[in-house]
Every structure is written in structure tokens, then in C-alpha cells.
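This report refers to the structure that appears directly beneath it.
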Amino acid sequence: MSSDVATAEGAITLGAAIADFNQAMASITSAHRELSQRIAELDLQLAQRNAELAQSLNETQRLKTYLNHILDSMSNCLVVVDRLGTITLFNRAAERLTGYRAEEVVGRQYEEVFCACTSEAFTPLQVLRSAAGSSEGDKEILSKSGRRLPVKFAVSRLTTPQGDVLGAIEVFTDLTAVRALEEERRRVSVLSALTEMAAVVAHEIRNPLQGIAGYAALLSEDLPTDDVRYAMAQQIQEGVHRLDEIVNNLLLLVRPGKPALGPLDLTAFLRELLASCRRRLPPQSDVVVEDDLPARPVMTNADPLLLERALDNIVSNALQAMPQGGTLRISLTEDLPAQRRAWMCQILIADTGVGMSRATMDRLFTPFFTTKERGAGLGLAIAKNLISFHQGEIIVQSSEGRGTTVAVLLPVQRGVNG
């Protein structure tokens, strides 16, 4: 009997255990189901947040790209620095003007790049270090190649809405063209004054000069050649001739008259100029004259006398720049790159002489400016004026000790060159 009771009690205990187990499993299953559902909800929320974040990042990137396009499309140069003066942004216009690439200057100190030729008072550093919130004016910056560039600048602090200083932003524009126009206007003003003066010179000086020359010639005829007065009369005639030449040059500068334009083969014209140049050299000269001319004609519309006068003045300067000898090279190029000058040919007159300083270059075409002991300083001014009458242009490149190259650009006749 006791055995049956024990068996019954064991069965009851086992059944209770199984029931408890089943209940526990049911609870676990329910919890697992709830957990799985929660995980699924979290996954869905995470996916939604990821999608929102991706959209936000895409929008941020789109706005950043859009902003970069705006900054790179600006015609004004833009430089941004942080609070320590480190360059953080450098747009494409600044790259074009200065010759630096953005990756060359971003991360460098502003003063290291741009303060070589300007005071700190005209930089973003001054705005960051002073109470002034902005600054503007004109200054010069140094390009990568070492060229001084005149610019107009404006600097402002870069701040948060709460007023915290993030850095400074500088906008500047190139004033090179403006300076060139101002110089051209000044030159035109000088020429205008010279035009008025030339009329007075021609009337008040030229006529008496002719009289002096005539009397000196009569004296020479009446005196023997070994008479000291004959030598004095000759000197008077030479002086009058020199003064008359200055008057003629001055008149040619301000009132050259109407050019007698017509078809001109520059190839043949320059060959004649080269032959004349070689004949002009002394027998023992150390100057070598070279040429590089095309085989075919290059036609332009020109007055041969005026063009010869202009080129002869340039060649004379080149020869005088080589007192110890050197090489004079004259070349003619018809096919210029389209981006430089359309329908233009180029005459290059290059010497290996003493060259010119920047100060001399700045005043090169100013009438009466000369660095020579003898000379009126009208040669290049006349050449520029005469080339302008031919719808042409003169470009001069020079550096001290390395010679000078003068490029004369002239229009070619369409449909004539073969």
C-alpha cells in the first residue's frame, strides 16, 4: 500500500513540475515573442532614422556642393581664415589670380602666404586681433610667381549667431586692368598736352631753326675748310639738325598724319629691315643678327614708311642695349594661338642685352623718358603710336641682365595669306 502511495505522490510531483515547466516555457515564449516584436519595432525605427540621417547627410552634401559651386563661380577672390589665421577656404578665382592651388595654401598661415609685400594692417589678421570688425582698402599681394598684384580688398569677421568669432573672410578683386586704364588715361592726357605744345614748337622754333641753318650754310660756303669758323658753322648746322629732328619726332608722336595704308608683305619687308640692320653694324661688331622668317608671304595692311620708322626705333634700342655684343633675333609668326589674338601675326624683336628694371618698364612708353646719356626718349613712344595707327599692339618683356623681347602684333589680311 505504501508503495502505491509513493508512486502516486511521485506522479503528482512530476506532473506539477511538468506543469510548472510548461508554464515557464509559455512565459518564455511570450517574452520572446514580445522581445522579437520590440526588436522588429526598433529595427524599423532604426531603419527610419538611418533613412532620415542619410537624407539629411545627402541634403547637407548637396548644400555643401551647391555652396562650393557658388564660391567657385564668384569672379571675386575669396579667402577664409580661422581664429588663428590659418587659411581654411580658397576659391577658384583666388587660384586663378594668385597662381596658388587651394591645396597649396589651405592649412597654411595667411601671413606666410600673403604678407611678404603688405602690412599686417591690411589683412584678416588685423581684424581678428583688433576691435575693428571689418576693414577695406587697396593693397598689393604677391603671386606664386613673385609678381606684385594690386587688389581692392574687404575683410569682415566670421561669427556665430551668438557672437562667437570663428575667423575672418576676405574678398579681393584684381586692380591690374584698372591701373592699366588709369595709366593709359594719364598717357593720353600727356599726349594731349604735347599736341598743344607741338603746335607752338612747330611755329615758334622750327621757323627760326631753318633761318639759323640757312645762315650757317652760307657761312660754310664762304669760309675755307681749315678756318676755325668753318668748324663752328658745321657744329651750328649739326645742332640745328638735331633740334629739327626732335621737333619732327615730336610732331610724329602727336600728329603723324593719315597713314597711307596698303597691302604689305611682312616677310619681304622684314628681310629688307634685316639687311639694313646688318649694314648698320660696324665691321668689327660683336652683335650677331639672326632671323626666323616664314617662306611664304604674310600680308598686312600698313604704311611701309611709318611701320619702318616704328620697327627701326625698336631695333635701334635693341642694338644700343648690347654695347658689349650679343644676339639680335627678328622672327615672324603668322599662326598665333586663337586664345591670344585672332587674325594677328607677331613680329618678335629679341636681344640679349642689359635688359630693363621694373621701374623702367613702368615708364617705357612715356614721352621724354630715357635711361640713355643721349636721346630724347621719344623712340618707343613713337613706335607705340605708329603701331596703334595700324590697329596693332606692342608687348614688351624684359628683365635686368637677361635681355628684352618686343612683340609687335599686327592684323593679317583675311583671304590673302596662302
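The values are calculated or read from the model by the stated rules, or taken from the named source; none is laboratory data. Keep in mind that what you see is a predicted model, and the values were worked out from it rather than measured. Using ideal geometry, Cβ is built from the backbone for each residue, glycine included, and neighbour counts are taken over all protein chains shown. Only protein heavy atoms, including side chains, enter the accessible area calculation; ligands, DNA and RNA are left aside. Shrake-Rupley method; radii C 1.70, N 1.55, O 1.52, S 1.80 Å.
Could you say which residue among 179, 229 is over 30 Å from residue 97 (Cβ atoms), open to solvent by 70 Å² or more (accessible area, probe 1.4 Å) and of a type outside the set (S, T, N, Q)?
Working: 179 fails: over 30 Å from residue 97 (Cβ atoms).
Of the residues listed, the single one that is over 30 Å from residue 97 (Cβ atoms), open to solvent by 70 Å² or more (accessible area, probe 1.4 Å) and of a type outside the set (S, T, N, Q) is 229.
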Give me the pairs, please: first residue somewhere in region 118-134 and under 22 Å from residue 108 (Cβ atoms), second residue anywhere and of a type in the set (Gly, Ala, Ser) and open to solvent by 70 Å² or more (accessible area, probe 1.4 Å), beta-carbon distance under 9 Å, and either six or more positions apart or on two chains.
-> 127/134
Search result, residues across region 388-415 that are crowded, with 19+ Cβ neighbours inside 10 Å and assigned to a helix (DSSP H, G or I) = none
Can you name every residue in region 257-269 that is on the phi < 0 side of the Ramachandran plot and either of a type in the set (Phe, Trp, Tyr) or open to solvent by 30 Å² or more (accessible area, probe 1.4 Å) (or both)?
-> 258, 260, 261, 263, 265, 268, 269
Considering residues that are part of a loop (DSSP other than H, G, I, E, B) and either acidic (Asp, Glu) or open to solvent by 70 Å² or more (accessible area, probe 1.4 Å) (or both), the number found within region 142-161 is 4
Qualifying residue in region 194-212 (condition: open to solvent by 70 Å² or more (accessible area, probe 1.4 Å), in contact (Cβ under 8 Å) with a residue 60 or more places away in the chain and either among the hydroxyl-bearing types (Ser, Thr, Tyr) or closer than 22 Å to residue 89 by Cα (or both)) | no
Identify the residue in region 388-418 that is farther than 14 Å from residue 307 by Cα and among the hydroxyl-bearing types (Ser, Thr, Tyr) and, among all such residues, is modelled with the lowest pLDDT.
-> 399
Inside region 270-360, counting only strands (runs of 3 or more DSSP E) that do not spill past its ends, which hold 1 or more residues that are open to solvent by 20 Å² or more (accessible area, probe 1.4 Å), closer than 16 Å to residue 405 by Cβ and not hydroxyl-bearing (Ser, Thr, Tyr)?
-> 287-292, 326-333, 344-351
Considering (1) on the phi < 0 side of the Ramachandran plot; (2) modelled with pLDDT under 90, say which one residue 326 fails and leave the rest.
-> (1)
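Filter region 245-256 down to residues that are in contact (Cβ under 8 Å) with a residue 60 or more places away in the chain and more than 23 Å from residue 405 (Cα to Cα) and give me whichever is surrounded by the most Cβ atoms within 10 Å (Cβ to Cβ). Show your work before the answer.
Applying the first criterion (in contact (Cβ under 8 Å) with a residue 60 or more places away in the chain) to region 245-256 yields 246, 249-250, 252-256.
Subsequent filtering for residues that are more than 23 Å from residue 405 (Cα to Cα) retains 246, 249-250, 252, 254-256.
Values: 246: 14, 249: 19, 250: 23, 252: 18, 254: 21, 255: 13, 256: 16.
Top of the filtered list is 250.
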If you scan region 371-387, which residues turn out to be modelled with pLDDT of 85 or more and open to solvent by 30 Å² or more (accessible area, probe 1.4 Å)?
-> 384
Since residue 111 meets every condition but one in (1) of a type in the set (D, E, K, R); (2) assigned to a strand (DSSP E or B); (3) more than 27 Å from residue 183 (Cβ to Cβ), which condition does it not meet?
-> (2)
